[in-house]
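Take a look at the structure set out below.
Please treat every number below as a calculation from the coordinates, not as lab data. Everything numeric in this text was worked out from a predicted model, so none of it was measured. Positions of Cβ are generated from backbone atoms using ideal geometry, with glycine treated the same way; all protein chains shown enter the neighbour counts.
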């Protein structure tokens, strides 16, 4: 082999030597080819790759909007095979709940692009209810499918700690719910608190012979109720079923325990829960609590609730949830698949709840609640010069404990929620009615403000009114069989509540071109608008553009389509009494913890001034005093020799569904520095004449207020004695 290689090398060398000795041949010149100035564009078939950061941004925007279905549509085929849409959405929602997420924002940081895959780095900024702001940087993997980027989803895209099947656990600390107090709670006796309590029940079949009267008397004393109301609770109950009579604090139960235990018919159940003292003082103001509704569970969990708490469902319980619920504490952990804690992401301490101190005078409220008997209606008592509501009664009422006591059954709750008289409906703020003759105050103001009439303008008040073609109006004196009131000034027209006088005003204003004067002034009095009070209310109805003279004429006496609440009426009457300032009513005095500076403290809030001059307001005030003091005033017979300075207006509102509604509204002008003057509106549904039925309640409210609840102000038409309903006459 070596020899062969040597031979080959010899031949190569020889060839090189021979070529070197060969003579050089002549080379003919050749033409240099022309070089083209540009090359033709190659034909390459490559599709444009979409912008990966735009794809990531689109997905994150959907996440911000919590459009989970659209997010799922952006996932890759492989991700959709791994996660159903239901599981995908559940994972995102669970993370939002565990974070108590209120919002999310993001920043795209960088991206890496390959032919069919890419990676986007981004930062997430979570705004949470309990844990402050939580920021994390993580990665989004994408894959090109059908020339579109799709997300390769996994849980670490929400938080990098959630890789490898890790999960979040949120441990919540719930502070005790705050109390609700009355304005006169000098000894810190609350209207509503979190208490150890006892439900008292009676089983008729267990009542031993000869013991019923003593048992009923004891229960009435313990519950501060009438004996008749106790008997009514179990009258229709079969022998061995129990009837819930009421709830008392554990402290009261201990005080009476031995005596209660002596009666076999009485049984007791202990519970610890939200407790409404005395069976509910101002229940339409305080409201009540319920379990978190299933349909709102996620919403409350994302606020940091466990979902097991009771939450405010109405009244101040609902309005003040952020104060009464306190700030929940929380610890957020990451755990592995074996349930071991890997790390704590965040923590927050619980903060005590605030209490709400209402403007409600609990004693005045209690006795007015006891005053209505079986009458359906409402009373509003407010400070004339500030807007503080010191009593708000709606009858029938209800016991909010029915929603929290463990012994209450579905049937107990149904007695409240399905009652045809709707006891949960706040007739004082949500009930709207035709105001009847109380509205004549507004009509008088419009008559004076247009300048068409003066306070001394004379008009003959007949029993029948013929000015409007095709219709004859009847004064209340006609229906009563009284003679006509005769020649009256405008002030006397209000004093006598003469319908023809006020029809004449509307008829004249309409024909003189003042076709919106009545509703314009009414709107300036706060009618047709919510007052702004903290609890639910209805704005009623005020047609700002009457369509014809017939509607206008009926509006003048508070009929037509007018609908106003007792709260609205009390508020504008207060403004008349204080010289023209319309305040925003309130039931909240302050919010805070005992012994600490309040987080909120009431200051009067002015909604505006009545659109009436001082001179004209004084004319209206004089006329309202005449209603009370003048022997011809419609309410004079109710207030003869009455010791307090009051002004008022009777009202009887026609009701197409039956008997008229009875109204009375007015204010005091005692100018006592120790007792702020008050304004009051009373309505009794289907009760008849305002002077006969509603005025006595006004009298009682004023008497109770100025005597610190010592004087009842007389007996109501439906009472046997103060606070004791008259017994129905037995049929022979």
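Computed quantities for the displayed model
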item	result
Mean projected area in nm² (Cα convex hull; one quarter of hull surface) for the stretch 584-732	14.3
For 94, 105, order by how many other beta-carbon atoms lie within 10 Å, fewest first	105, 94
Globularity index of the stretch 52-165, i.e. its alpha-carbon radius of gyration over 2.2 N^0.38 Å	1.02
Residue 467/residue 421 FRET efficiency (R0 51 Å; Cβ-Cβ; nearest 0.05)	0.80
Directionally averaged projected area (convex hull, Cα atoms, the stretch 286-358), nm²	6.0
Principal axis dimensions, the stretch 470-556 - Cα atoms, whole angstrom, descending	47, 30, 24
Tilt relative to the chain, helix 566-578 - C-alpha long axis, 0 to 90 degrees, to 10	70
Nearest 10 degrees, 0 to 90: helix 85-99 Cα axis against the chain principal axis	70
Value of Rg to Rh for the stretch 154-298 (Rh from inverse mean 1/r over Cα pairs, i.e. Kirkwood)	1.20
Enclosed volume per residue, in Å³, of the convex hull spanned by Cα atoms of the stretch 647-732	91
The stretch 375-500: relative contact order as a whole-number percent, Cα under 8 Å and 6+ apart	18
For 323, 357, order by how many other beta-carbon atoms lie within 10 Å, fewest first	323, 357
Helix axis angle, 52-64 relative to the chain longest principal axis, alpha carbon, degrees	20
Quotient of C-alpha Rg and 2.2 N^0.38 Å, computed over the chain	1.51
Rh (Kirkwood; distinct C-alpha pairs) - the stretch 93-151, Å	12.9
Mean separation of Cα contacts under 8 Å (6+ apart) over length of the chain, as relative contact order %	10
